[in-house]
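Undergrad: So that we are looking at the same thing, I have put the structure below in structure tokens.
The values are calculated or read from the model by the stated rules, or taken from the named source; none is laboratory data. Computed from a predicted model, the values in this text were never measured in an experiment. Using ideal geometry, Cβ is built from the backbone for each residue, glycine included, and neighbour counts are taken over all protein chains shown. The area values use the complete protein model at the heavy-atom level, side chains included, leaving out ligands, DNA and RNA. Shrake-Rupley method; radii C 1.70, N 1.55, O 1.52, S 1.80 Å.
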Amino acid sequence: MKHLISTLLLLAFTLSLVVALNIKLGPVPPLGKFFDPFSGFWQNAATTNSYQDHLLETGGLEAEVRVIYDSLMIPHIFARNDHDLFFAQGFVTASHRLWQMEFQTHFAAGRLSEIFGKNSQVLRLDRLHRRIGLEYGADNSLEVATSHPLSKAAIEAYAEGVNAFINALDTKTLPIEYKLFNYHPEKWTAKKTSLLLKYMANNLAGRDYDLESTNTLNIIGKEAYDFLFPVRDRGIDPVIPKGTPWNFSPLKTKDDSLSVPEDITSAIIEMPNPDNGSNNWAVSGKKTASGNPILAGDPHLGLNLPSIWFAIQLHSPDMNVMGVSLPGAMGVIIGFNDSIAWSLTNSRRDVRDWYKIKFRTPEKNEYFHDGQWKPARKVIDTVFIRNQPSFIDTVIYTHHGPVVYDEQFMPENKKQNYALRWVAHDGSNEALSFYLLNRAKNYREFNEAMDHFACPAQNFAFACANGDIAIRVQGKFPLKRKGQGQFLMDGTLPQNDWQDFIPPEHNARILNPPRGFVSSANQFPVDSTYPYFVYDGNYEHYRNRRINQRLEEMDHITPADMQALQNDNFNMKASESLPVLLSYLNRENLPSPAQDHLESLDSWDFYNEPELVAPAVFNLWWSQFFKTFWDEFDTDSLLLRTPSTPQTIYLMRHDTVQNYADIKETPEIESLQDVVTQSYLTAVSELEAWKETSNRELNWGNYKYTSVNHLVPQLAAFSEKGIITGGGKNIVNATRGRHGPSWKMVTELGDEVKAWAIYPGGQSGNPGSPYYSNFIPVWAKGRYHRLLFMKHADEKNNALFYTQTLQ
């Protein structure tokens, strides 16, 4: 009852904020309806007593389905056929996460203005997602997915289940966000599932550095650019171990010269968080205490409520799989069955390129390519705005893709016309990949499932009960000549077009390596012997090396050891950069706070534990130093690319030619010691100011201030803030302020499958439920829940909670 009262007060307080602060996200709901005790927000409060055995009759099923919930509120769905299984998955997922499912697909389709009304930022976001072609890509992929009978049947059955739940809703049971923003869910379609997958493709493969790189190249010149921005950093430890042979004959590329337009782009579109990534690894039984292979994985994404993941078990006569799904998509994305386990990390790769388009006339009916004028396709795009006139946009398509930059969108760029070529625009069938993967029993079937996966490219770690471990870099990768796609390209030249794609069988992979483990953490995928050009511009350099270092050292490994490695707080970046900083710091006449913090740094063991002060000091010091050291790349007028951290550390140690430390805004010529010392004193001053304004004790956990926010950030009352954790950027435990491990899983395969997992949220999407955020305290402490992997519906177990029977 205490939880119920606090929940009601929380909801009432949230609405009062919406009204009192006039949050401009849409119309305030009619207050009489919202506060109605029989149908208003009060009905969204729930207690554990709200969940009891019950029978639901719903049309669309071919046989009875049993949904057994365990004490974690994880549903275990037992169905007699595929149709009913995916129907029930859609129904069950919608019953917990409907608003989230619809909101995320509205986001991808550029339809948020239909919910929030007139808001310039929301309209810009809607236009952006339409112009980069998320719906265009979703339509193309839906056509491919529905042309295959297995994926078509699964996606459509899932949609039927979602709609069965929507049809059963009334005003009383409507999720709270619909009541807050005063609208209703619409019919779920197969296209919405396709949009959700493009939402994830944009999250993980929707970033490039082409225009920043072009600006930088055109300002500093090719020689300086090549020196400061090497394609691969020194000392890489690739996903596929160095020296792995490539047993194929590669496709040849034309050796055409590369020319870069002399454009300077003053404004660049918003792109997803560059740190979206993950860790995964699999260890052979020869390195484990049990003799069984162990797989671990933890994807790093934005920390949101409702959580991006929904844990579930799916059981039918020919499949028994468990793990996490994406609300809105069928199947299990990361998980295990009775034979194999798998996990994903983002395989960063350049699969987006920009082309400068030359139009014949201002009307833009034709564009020049390969010596001739070709017809452009115009799409009249209507953005509906709630309670306001619609916004009409015209998006022009070339054979490259949609023209994103023009005088109507991003007009700051002097009427430049840039078209986007992106793998996410192409039709693909990731739904079929996961359909087959969920059923796979061995490495051969795993690879057959992978062949259908195109975007976003991922490193799939694999372990099998028969002892096999493997990793495969999988995606649809353009065949590029060396250097192609790093910069803006001239769209009139046919040699700049993508010529082909790397065959799936040429994608890098390894099975049962001699070292006894496979791993990835968003690093460079291959060594220099791989016969294709590989590039991204943002490869991880520290987490992967720490993981491999520890896995090399470890033996007689247990699942608890793998959990400890996922929670490892060792800061390898600090271990390689702080000694250099300290060696250049002028320690004479330091003020008292600076001296105190210096003592903490001198004694620090490089672990980012939440109770320590040193990680906070280092984090701010490095940030200040990096910004000052590369001040020539920090301008307000345009966006330039900044050299990487590994390259910066290298130059600190070895730069004897160029004085990059000199601060350009001052008449003096600063030395590296000047910049190191000045940035340290600035960092100390900011930390002292933070202590006064925050009213919190200075330590890493308080300074980092991890929060898990509602998908609509203004609904702060539905968020969890001030979570004390260790870790940080470039650390295996990658928990930051608003970003980090969104799901952590460790699975041991053998005669009995054992799995442990946790994520920062809860199974329910209802803020009034005790299962909305109940996993967060466990996640913050680095602990896990043992997953109940059921073999049949009549199992007896004390962890079982209640049963929902669908007829």
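Undergrad: Suppose we keep only residues that are outside any helix (DSSP H, G or I) and without any contact (Cβ under 8 Å) to a residue 40 or more places away in the chain within the range 685-707. Which one would you say is farthest from residue 729 (Cα to Cα)?
TA: 695
Undergrad: Here's another thing I want to ask about it. If you check 205, 267, 224, 282, which single one turns out to be among the aliphatic types (A, V, I, L, M), at pLDDT below 95 and within 28 Å of residue 334 (Cβ to Cβ)? It would help to see each step written out before you state the result.
TA: Details: 267 fails: within 28 Å of residue 334 (Cβ to Cβ); 224 fails: within 28 Å of residue 334 (Cβ to Cβ); 282 fails: at pLDDT below 95.
Of 205, 267, 224, 282, the one residue that is among the aliphatic types (A, V, I, L, M), at pLDDT below 95 and within 28 Å of residue 334 (Cβ to Cβ) is 205.
Each row is one residue, and each column tells you yes or no for (1) within 28 Å of residue 650 (Cα to Cα); (2) in contact with a helix residue (DSSP H, G or I) (Cβ under 7 Å, 6 or more places away or on another chain); (3) at pLDDT below 95.
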residue	(1), (2), (3)
554	no, yes, no
557	no, yes, no
567	no, no, no
573	yes, yes, no
576	yes, yes, no
606	yes, yes, no
616	yes, yes, no
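Undergrad: For the range 60-107, what are the residues that are part of a strand (DSSP E or B) and either open to solvent by 30 Å² or more (accessible area, probe 1.4 Å) or hydroxyl-bearing (Ser, Thr, Tyr) (or both)?
TA: 66, 69
Undergrad: Next up: Between 220, 269, which is touching a strand residue (DSSP E or B) at 6+ places or on another chain (Cβ under 7 Å) and not aromatic (Phe, Trp, Tyr)?
TA: 269
Undergrad: Are any residues in the range 513-549 within 24 Å of residue 750 (Cβ to Cβ) and crowded, with 18+ Cβ neighbours inside 10 Å, and if so, which ones?
TA: 516, 517, 518, 519, 520, 547
Undergrad: Tell me, please, whether a residue that is assigned to a loop (DSSP other than H, G, I, E, B) and either open to solvent by 30 Å² or more (accessible area, probe 1.4 Å) or more than 30 Å from residue 632 (Cβ to Cβ) (or both) can be found in the range 222-229.
TA: The answer is no, given that none of the residues of the range 222-229 is assigned to a loop (DSSP other than H, G, I, E, B) and either open to solvent by 30 Å² or more (accessible area, probe 1.4 Å) or more than 30 Å from residue 632 (Cβ to Cβ) (or both).
Undergrad: With respect to residue 804, determine if the residue is in contact with a His (Cβ under 7 Å, 6 or more places away or on another chain) and either at pLDDT below 95 or of a type in the set (Lys, Arg) (or both).
TA: In short, yes.
Undergrad: Same structure again: Exactly one of (1) more than 30 Å from residue 282 (Cα to Cα); (2) out of contact with any Pro (no Cβ under 6 Å at 6 or more places or on another chain); (3) of a type outside the set (Gly, Ala, Ser) is unmet by residue 488. Its number?
TA: Against the list (1) more than 30 Å from residue 282 (Cα to Cα); (2) out of contact with any Pro (no Cβ under 6 Å at 6 or more places or on another chain); (3) of a type outside the set (Gly, Ala, Ser), residue 488 comes up short only on (2).
Undergrad: Sticking with this one: From (1) surrounded by 17 or more Cβ atoms within 10 Å (Cβ to Cβ); (2) out of contact with any helix residue (DSSP H, G or I) (no Cβ under 9 Å at 6 or more places or on another chain), pick out the condition that doesn't hold for residue 687.
TA: Evaluating residue 687 over (1) surrounded by 17 or more Cβ atoms within 10 Å (Cβ to Cβ); (2) out of contact with any helix residue (DSSP H, G or I) (no Cβ under 9 Å at 6 or more places or on another chain) leaves (2) as the failure.
The rows are residues; the columns are (1) open to solvent by 10 Å² or more (accessible area, probe 1.4 Å); (2) over 18 Å from residue 507 (Cα atoms); (3) among the aliphatic types (A, V, I, L, M).
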| position | (1), (2), (3) |
| --- | --- |
| 409 | no, yes, no |
| 436 | yes, yes, yes |
| 442 | yes, yes, no |
| 470 | no, no, yes |
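Undergrad: Another question, if that's okay. Which residues, taken from the range 288-318, are open to solvent by less than 20 Å² (accessible area, probe 1.4 Å) and over 28 Å from the mean Cα position of the chain (by Cα)?
TA: Passing the criteria: 288, 316.
Undergrad: For the range 366-393, which positions are touching a residue at least 12 places away in the same chain (Cβ under 8 Å) and in a loop (DSSP other than H, G, I, E, B)?
TA: Answer for the range 366-393, where residues must be touching a residue at least 12 places away in the same chain (Cβ under 8 Å) and in a loop (DSSP other than H, G, I, E, B): 370, 376, 386, 387.
Undergrad: For residue 582, indicate whether it is modelled with pLDDT of 95 or more, assigned to a helix (DSSP H, G or I), open to solvent by less than 20 Å² (accessible area, probe 1.4 Å) and farther than 24 Å from residue 724 by Cβ.
TA: Judged against the criteria, residue 582 is not a match.
Undergrad: Taking the range 175-200, which residues are part of a loop (DSSP other than H, G, I, E, B) and touching a residue at least 40 places away in the same chain (Cβ under 8 Å)?
TA: Listed by number, the residues that qualify are 175, 182, 183, 185, 186, 188.
Undergrad: Moving to a separate point now. Six or more apart or on different chains, Cβ atoms under 7 Å: show the pairs whose first residue is in the range 256-280 and over 21 Å from residue 644 (Cα atoms) and whose second is of a type in the set (D, E, K, R) and open to solvent by less than 20 Å² (accessible area, probe 1.4 Å).
TA: Qualifying pairs under 7 Å: 256/481.
Undergrad: With the requirement that a residue be β-branched (Val, Ile, Thr) and surrounded by 14 or more Cβ atoms within 10 Å (Cβ to Cβ), what does the range 618-637 give you?
TA: Within the range 618-637, just 628 meets the criteria.
Undergrad: Given the structure, is residue 335 surrounded by 17 or more Cβ atoms within 10 Å (Cβ to Cβ), modelled with pLDDT of 95 or more and either of a type in the set (A, V, I, L, M) or closer than 30 Å to residue 116 by Cβ (or both)?
TA: no
Undergrad: Now, a different point. Does residue 742 satisfy the criteria of being open to solvent by less than 20 Å² (accessible area, probe 1.4 Å), under 28 Å from residue 122 (Cβ atoms), in contact with a Gly (Cβ under 9 Å, 6 or more places away or on another chain) and small (Gly, Ala, Ser)?
TA: yes
Undergrad: When only residues in the range 472-512 that are assigned to a loop (DSSP other than H, G, I, E, B) and of a type in the set (S, T, N, Q) count, which is most open to solvent (accessible area, probe 1.4 Å)?
TA: 499
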